[in-house]
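The values are calculated or read from the model by the stated rules, or taken from the named source; none is laboratory data. Everything numeric in this text was worked out from a predicted model, so none of it was measured. A quick note on method: Cβ atoms are made from the backbone with ideal geometry, for glycine too, and the neighbour counts reach across all protein chains shown. Surface accessibility is based on the protein's heavy atoms, side chains included, excluding ligands, DNA and RNA. Shrake-Rupley method; radii C 1.70, N 1.55, O 1.52, S 1.80 Å.
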Amino acid sequence: MDNPLGTTTVTQVAIIVRDIEAKARAWAHLLGLPMPAVIVTDPVELAHTEYRGQPSPARAKLAFFQLGQVSLELIEPIGGPSTWQEHLDAHGESLHHIAFQIQGMRDKLAYLDANGIPLVQRGEYKGGRYAYADGTQVLGTVLELLEND
């Protein structure tokens, strides 16, 4: 069977947190790894962030642990409405998404939407773009698609 996403390799697992510094320290201690840098996502003017079809000033603090093929991403929402803040408000600190590295974002999002997994948030980062599709009803979690240039 052809793979519509073009991959079956999970590249990232992400957890929404309230205090990224505290959670990053706890993960670093548990894993015996150095404390990762905490970065802040770009403002809407650079990221072109859209949440539920509307521009959003949503930003987040991010920290990454490289764990072989999968990175563990910690996300602390800051700024305006976002899938991150919505998740934190509804579920507290918990798993938010799993991510796949893909090519052909537009086609992949159309495929997901046709299968009951609609786009909820998208944006850009230096060198690429991301999109979150709400797969909670169909799959039990949000999917993130990452496409690098």
Name the pairs: first residue in the range 14-27 and open to solvent by less than 40 Å² (accessible area, probe 1.4 Å) and part of a helix (DSSP H, G or I), second residue modelled with pLDDT of 95 or more and of a type in the set (A, V, I, L, M), Cβ to Cβ under 7 Å, at least 6 apart or on different chains? Ile20/Val38; Ile20/Ala63; Ile20/Leu74; Ala24/Met35; Ala24/Val38; Ala24/Ala63; Ala24/Leu74
Taking into account only those residues within the range 96-142 that are within 20 Å of Leu46 (Cα to Cα) and of a type in the set (Ser, Thr, Tyr), which is modelled with the lowest pLDDT? Tyr125
The one condition Pro34 fails out of (1) crowded, with 19+ Cβ neighbours inside 10 Å; (2) not in a strand (DSSP E or B) is (1)
Just wondering, is there one or more residues in the range 79-87 that are farther than 20 Å from Val17 by Cα, among the small types (Gly, Ala, Ser) and open to solvent by 20 Å² or more (accessible area, probe 1.4 Å)? no
In the range 1-13, anything of a type outside the set (Ser, Thr, Tyr), assigned to a loop (DSSP other than H, G, I, E, B) and either without any contact (Cβ under 8 Å) to a residue 60 or more places away in the chain or open to solvent by 30 Å² or more (accessible area, probe 1.4 Å) (or both) is listed as Met1, Asp2, Asn3, Pro4, Gly6
Please verify whether Val40 is open to solvent by 60 Å² or more (accessible area, probe 1.4 Å), under 14 Å from the mean Cα position of the chain (by Cα) and of a type in the set (Val, Ile, Thr), treating the condition exactly as stated. yes
Out of Gln121, Gln101, sole residue that is touching a residue at least 40 places away in the same chain (Cβ under 8 Å), out of contact with any Pro (no Cβ under 6 Å at 6 or more places or on another chain), within 16 Å of Glu144 (Cα to Cα) and open to solvent by 20 Å² or more (accessible area, probe 1.4 Å): Gln101
Does any residue in the range 56-78 that is over 18 Å from His29 (Cα atoms) come within less than 7 Å, Cβ to Cβ, of a residue that is assigned to a strand (DSSP E or B) and of a type in the set (Asp, Glu) six or more places away or on a different chain, and which pairs are these? Ser56/Glu50; Ala60/Glu76; Lys61/Glu76
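Yes/no per residue for (1) under 30 Å from Pro34 (Cβ atoms); (2) touching a Leu at 6+ places or on another chain (Cβ under 9 Å); (3) open to solvent by less than 80 Å² (accessible area, probe 1.4 Å):
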residue	(1), (2), (3)
Pro55	no, no, no
Leu62	yes, yes, yes
Leu67	yes, yes, yes
Leu72	yes, yes, yes
Glu76	yes, yes, yes
His91	yes, no, no
Asp107	no, no, no
Ala114	no, no, no
